[in-house]
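> To start, I am sharing the structure in question, which I have written as structure tokens.
A short reminder: the numbers here are calculations on the coordinates, not readings from a lab. Predicted model, so just to flag it, every value in this text is computed and none were measured. All Cβ positions, glycine included, derive from the backbone under ideal geometry; neighbour counts span all protein chains shown.
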């Protein structure tokens, strides 16, 4: 299923418990422990496993590719510092740790951007864009509609549809029941569908006078 289909699908979600999930969690924990003990190659493996998904989340949250790269880089810099500063050498929920760091840094980045930059001072190339070349009209509407969702709903869709995390993983990251996350995702999709429906309705209303003029002129 495409990212668009994942976002808009309103069907009830199947249980997403993978038989390999526990093994993946154990591997993440083992890799981080090995890094804390001095194995630099373990961090490279951890980076390869999680960096792309963290970047996608940042990009959706910040709507800026350069800031997304900066944030994900800082996440890994903080992990490296933990080897010197952390007293806990075994961390069970490594994706949750990475996500919490990433989300907090995204929030900090937005606060800094709001406090230190006026829109007129930002180069046009850095302005947020509401459309991406080569997208279908429906995909453009989804991108325009997403910012209108409540932040907690938008975040679940970003983690699931863009970053590929399962609902059980998201629940663990956010420290909430998986049922709450599933309900939130369902409400987000429903809300998004209503917004897109309203957008389409407005477009059709704008076209009606033009169609009437064209049909009248053809008589």
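> Please arrange 58, 106 by counting, for each residue, the other beta carbons lying within 10 Å of its beta carbon, fewest first.
106, 58
> On a C-alpha basis, how far is the centre of the range 88-108 from the centre of the range 30-59 in Å? Whole number, if you could?
Between the Cα centre of the range 88-108 and that of the range 30-59, the gap is 11 Å.
> Here is a further query. What share of Cα pairs, in percent, lie more than 14 angstrom apart in the range 162-202?
56
> May I pose another question? Pull out the extension gain between residue 206 and residue 29, defined as 0.36 nm times the separation in residues minus the alpha carbon to alpha carbon distance; nm, one decimal. List each step's numbers first, then the result.
Working: separation 177, 0.36 × 177 = 63.72 nm, distance 5.56 nm.
Fully extending the segment from residue 206 to residue 29 adds 58.2 nm.
> So, one more: Once you compute Rg and the Kirkwood Rh from C-alpha atoms, what is the Rg to Rh ratio for the range 135-201?
A ratio of 1.01.
> Please give the peptides 155-163, 36-44 ranked by average Cβ packing (other Cβ atoms within 10 Å per residue), highest first, as a rough proxy for protection.
Going from most to least packed, we get 155-163, 36-44.
> Among 181, 200, 195, which comes first, second and so on when ranked by fewest other beta-carbon atoms within 10 Å?
Working: 181 25, 200 13, 195 18.
Ranking 181, 200, 195 by Cβ neighbours within 10 Å, fewest first, gives 200, 195, 181.
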